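Engineer: Got a structure for you, questions after.
Please treat every number below as a calculation from the coordinates, not as lab data. Being a predicted model, the structure only gives us computed values, none of them experimental. Please note: Cβ atoms are built from the backbone with ideal geometry, for glycine as well, and neighbour counts cover all protein chains shown.
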Amino acid sequence: ANNGTLFLDEIGDMSSFLQSKLLRVLQDGTFSPLGSEKDIKSNVWVIAATNKDLEAEIQEKNFRLDLFYRLNAINIHIQPLRERTEDIPLLVKHYFKMYCNELNRDKSCSNEISADVLEMMIHYSWPGNVRELQNAIKRIVVLGCSEETLGFLKAKNEDRVASKPGAEKAVDYQITDGTIWEKLQIEEFECGHRLPLKEISKVALDKAERRVIMHVLRKTGWNRKKATKILNVSYPALLYKMKDLNIYPN
């Protein structure tokens, strides 16, 4: 890759052993090939990608802080597919055409995706992002819009309907000049004979935080950047809280 560009995908999964070697290359531009006693100079642009929260990985000692700062010269955040649903119809059209051509299917196969199916795709959370969408389209091109290929979409949309307003009590609070006023009704805890105060405090805090974060995300249309400003937290901190409290779009 000398004088070119090196793309490292899923950098967050790199072992600590390789992280130290990559750091050396980024620092002085040299590396030693396996079995060689001579260092080689290399001049490359490095682009790295990950779906992990690297700042959280650093806190857990899974990723080197010095390597993070070496790689983080220019940061481009790409929102997950569930936060840019306007892209879904365009991607569906693109991948349908691509797989119809690639698999030598009749051009009319694009008619197999109805408006109802596209609507289900828009409301699906796509935990696997674009790669999951690609695979779903490929299955539809091969197998058609069968129960087998659409089962995961139907199950998710049934869950979404079940979780419409009324299934959960709304949080009654207002935001004024950056101050949050909350009214949270915390249910009684089933603790048996022992009442460990620290555990109760943790459960109560998690309940309160989850309700407030859910409310803010819904009000902002699941725009996490807007939510961070309202909640006065950093973007990585919000992502960590969402993961820790199992917060996902309905």
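Engineer: Going 7 Å from the Cα of Val130 toward and past its Cβ, which residues in the stretch 26-45 have a backbone nitrogen under 15 Å from where you end up?
Structural biologist: none
Engineer: About the Cα centre of the stretch 1-50, what is the dipole size in debye to 20, counting +1 per Lys and Arg Cβ and -1 per Asp and Glu Cβ, all else neutral?
Structural biologist: Result for the stretch 1-50 is approximately 180 debye, rounded to the nearest 20.
Engineer: Let me ask something else. So for each of 84-93, 222-231, 25-34 I average, over its residues, the number of other beta carbons within 10 Å; can you give me the resulting order with the highest mean first?
Structural biologist: Averaged packing, sorted descending, gives the order 222-231, 84-93, 25-34.
Engineer: I would also like to ask the following. Whole-Hz Karplus ³J(HN,Hα) for the stretch 37-42, in order, using 6.51 cos²θ - 1.76 cosθ + 1.60 and θ = phi - 60°, x for Gly and Pro?
Structural biologist: 9, 10, 7, 10, 7, 9
Engineer: Please give me, ordered by residue number, the GluC sites (Glu not before Pro) of the stretch 10-65 that lie in loop per DSSP and have at most 15 other Cβ atoms within 10 Å.
Structural biologist: When the GluC sites (Glu not before Pro) of the stretch 10-65 are filtered for loop state and at most 15 Cβ neighbours within 10 Å, Glu10, Glu37, Glu60 remain.
Engineer: Could you give the length gained by full extension between Ile58 and Leu205, i.e. 0.36 nm per residue of separation minus their alpha carbon distance, to one decimal place?
Structural biologist: 50.5 nm
Engineer: Now, a different point. For a quick check: with amide H placed at 1.01 Å from N, whose amide H comes under 5 Å from Ala48's, ignoring anything fewer than 5 positions away on the same chain?
Structural biologist: So Ala48 has HN proximity to Leu8.
Engineer: Tell me the label-point distance for the pair Lys38, Ser15, using the 7 Å Cα-to-Cβ offset, in nm and rounded to one decimal.
Structural biologist: Placing both labels 7 Å along Cα→Cβ, they lie 2.8 nm apart.
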